[in-house]
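Asks: What follows is a single structure, and I will ask about it in a moment.
The values are calculated or read from the model by the stated rules, or taken from the named source; none is laboratory data. Just so it is clear, the structure is predicted and the values come from calculations on it, not from any experiment. We place every Cβ from the backbone using ideal geometry, glycine too, and count neighbours over all the protein chains shown.
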Amino acid sequence: MHILSKLGSMIAPLLGIYLAAKIGDMFIRETFVYLGEFNTASIMFTIEMLFGVIIPLRMFLSAKVLKSPPLLFYSFSISCIWCAVK
């Protein structure tokens, strides 16, 4: 359990770096203007960011999640499924 908690605390900064890189890339290429449009690409990007990065990041930053085996399993599962689908 202690090893998984350490691993969970290491994943949070990595997800934060990924989120910053993704948003930075969007601003460099100026593709953020397309997020206001209601099309498949903008919806899929929003789903990817919300369920693939923001929710797991929030979970890995929570002390309650890092101390609970079922919540750790759930947060790792979300991250692994997101990586497999991507």
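Asks: Restricting to the range 65-86, and then to whatever is surrounded by 11 or more Cβ atoms within 10 Å (Cβ to Cβ) and of a type in the set (A, V, I, L, M), can you tell me which residue is farthest from residue 10 (Cα to Cα)?
Replies: Ranking the candidates gives 81 first.
Asks: Looking for something assigned to a loop (DSSP other than H, G, I, E, B), without any contact (Cβ under 8 Å) to a residue 60 or more places away in the chain and under 17 Å from residue 13 (Cβ atoms) - is there at least one such residue anywhere in the range 49-56?
Replies: no
Asks: Which members of the range 10-55 meet the condition of being polar (S, T, N, Q) and loosely packed, with under 14 Cβ neighbours inside 10 Å?
Replies: 31, 39, 40, 46
Asks: Given the options 35, 71, 66, name the one that is modelled with pLDDT under 90 and touching a Gly at 6+ places or on another chain (Cβ under 7 Å).
Replies: None of the other options fit; the residue is 66.
Asks: Can you tell me which residues in the range 66-80 are of a type in the set (A, V, I, L, M, F, W, C) and under 11 Å from the mean Cα position of the chain (by Cα)?
Replies: 76, 78, 80
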